[in-house]
1. Taking residue 320 as the residue in question, decide whether it is within 23 Å of residue 26 (Cα to Cα) and either modelled with pLDDT of 85 or more or crowded, with 17+ Cβ neighbours inside 10 Å (or both).
2. Could you count how many residues in the stretch 385-401 are part of a helix (DSSP H, G or I) and surrounded by fewer than 22 Cβ atoms within 10 Å (Cβ to Cβ)?
3. Which residue is surrounded by the fewest Cβ atoms within 10 Å (Cβ to Cβ), if the candidates are limited to the stretch 119-136 and must be assigned to a loop (DSSP other than H, G, I, E, B) and either without any contact (Cβ under 8 Å) to a residue 12 or more places away in the chain or in contact with a helix residue (DSSP H, G or I) (Cβ under 6 Å, 6 or more places away or on another chain) (or both)?
4. When the residues of the stretch 158-176 are filtered to those that are in contact (Cβ under 8 Å) with a residue 60 or more places away in the chain and over 13 Å from residue 136 (Cα atoms), which remaining residue is farthest from the chain's Cα centre (by Cα)?
5. Checking the conditions here, which among 410, 380 is in contact with a helix residue (DSSP H, G or I) (Cβ under 8 Å, 6 or more places away or on another chain), more than 30 Å from residue 325 (Cα to Cα), modelled with pLDDT of 90 or more and part of a loop (DSSP other than H, G, I, E, B)?
6. So which residues in the stretch 288-299 are surrounded by fewer than 18 Cβ atoms within 10 Å (Cβ to Cβ) and in contact with a helix residue (DSSP H, G or I) (Cβ under 9 Å, 6 or more places away or on another chain)?
7. Pick from 337, 294: which is more than 17 Å from residue 151 (Cα to Cα) and not in a helix (DSSP H, G or I)?
8. Pick from 380, 334: which is exposed (fewer than 15 other Cβ atoms within 10 Å of the Cβ) and either in the same structural domain as residue 128 (by TED's automatic domain parsing) or within 23 Å of residue 61 (Cα to Cα) (or both)?
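The values are calculated or read from the model by the stated rules, or taken from the named source; none is laboratory data. As the structure is a prediction and not an experimental result, all values here were calculated from the model. Please note: Cβ atoms are built from the backbone with ideal geometry, for glycine as well, and neighbour counts cover all protein chains shown.
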């Protein structure tokens, strides 16, 4: 016989806390609310800013724990309404209300701080720029445009700025939103005739933080309102920070006037973390979640397998800890390899990435990958950079433009020039030949 809903809900929450650890539970799962149990569904409400992430990352775990607590025929479903009663359907004509305007109080995640952000070669510039903006809003790097693939920490930095300003800004008004939430609020404001309140909520912000601006594409009315909001904040000297998964010039479906504004400040790129940074991220996560790992090499094993996404990296750790909790198996190499083989199977070796080439060449010559991407013309940097560019052209199928962009935005002519310099030197210098051979061997071994 299934437990009563209240008791079963407490049982489910206790199991979630045990499986994922205290800090992960408090960060993502504690805000969940149970609003209904009906028709084999456990209906939960999550904060709008984290709902999609919680559903994607913890959906299966929630389903498994719900079946254990409420019965095997129960499955979890997320809702955006809090006025559901157990066993009763939601009203088809909910009471009209104005938009939720107090975004800064509900959407900023207090666990995302600068202290919790792991700094590495791939995110050093973005972190430094974000901290400068937080310390002096509107005075440096305005707007700040943080660009990088999903799962590398853009949102973390955005929340860190907001939390820092709220803590030390002396009453400075902070607004955080995603473009999706901005769009939904705008549509609701139009429908409820509260557009004035909507505009005031965003245009009165001293620090406006906008996540995922790539989703402005093909939203004509939202884009127009966003444009005027941007201008209202920027032209009065207040701070804007935006994140995106691509560069401003690549947002071809967004109006040119907005792309130009995005590029008018600092564009800071976040790249995938290197091995040392990935290990540091995992160590930090283990420390925060108070996870006991007897063999520290297991963290290196995870970092070796998952290379391009911090979110996936932490997700793998959570899966391993959950498996350990449910099976009582020790967190050792055997368990880690078993779990990783299920969620991230080994792939046949392929060509190295440009980032991998940069890491290998930098380590070989005693420079840093960031120096290879810099504008420095020092001899200790220029030759390794030319070698890395040459290897990128020879070992990858990347076009010349892509290679140039990966080396600090150089054009295709510079790429060709670097390749010719390496080929010429290799024709006259046996040491250069040996260096190239050694680097290729290392890259083949590492991939």
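1. Values: within 23 Å of residue 26 (Cα to Cα): yes; either modelled with pLDDT of 85 or more or crowded, with 17+ Cβ neighbours inside 10 Å (or both): yes.
Yes; evaluated as a whole, the condition is true for this residue.
2. Initially, the stretch 385-401 is screened for residues part of a helix (DSSP H, G or I), giving 385-395, 400-401.
Right, trim to surrounded by fewer than 22 Cβ atoms within 10 Å (Cβ to Cβ) and you get 393-395, 400-401.
Selection size over the stretch 385-401: 5.
3. At the first step, the residues of the stretch 119-136 found to be assigned to a loop (DSSP other than H, G, I, E, B) are 119-123, 136.
Filter again for either without any contact (Cβ under 8 Å) to a residue 12 or more places away in the chain or in contact with a helix residue (DSSP H, G or I) (Cβ under 6 Å, 6 or more places away or on another chain) (or both), leaving 119-121, 136.
Working: 119: 16, 120: 22, 121: 20, 136: 12.
Ranking the candidates gives 136 first.
4. The extreme case among them is 173.
5. Numbers: 380 fails: part of a loop (DSSP other than H, G, I, E, B).
Exactly one of 410, 380 is in contact with a helix residue (DSSP H, G or I) (Cβ under 8 Å, 6 or more places away or on another chain), more than 30 Å from residue 325 (Cα to Cα), modelled with pLDDT of 90 or more and part of a loop (DSSP other than H, G, I, E, B), namely 410.
6. So the first thing to find is which residues in the stretch 288-299 are surrounded by fewer than 18 Cβ atoms within 10 Å (Cβ to Cβ), and the list is 288, 290, 292, 294-297.
Residues satisfying the conditions are 288, 290, 292, 295, 296, 297.
7. Values: 337 fails: not in a helix (DSSP H, G or I).
Criteria check complete, one pass: 294.
8. On the way: 380 fails: either in the same structural domain as residue 128 (by TED's automatic domain parsing) or within 23 Å of residue 61 (Cα to Cα) (or both).
From the options 380, 334, the qualifying one is 334.
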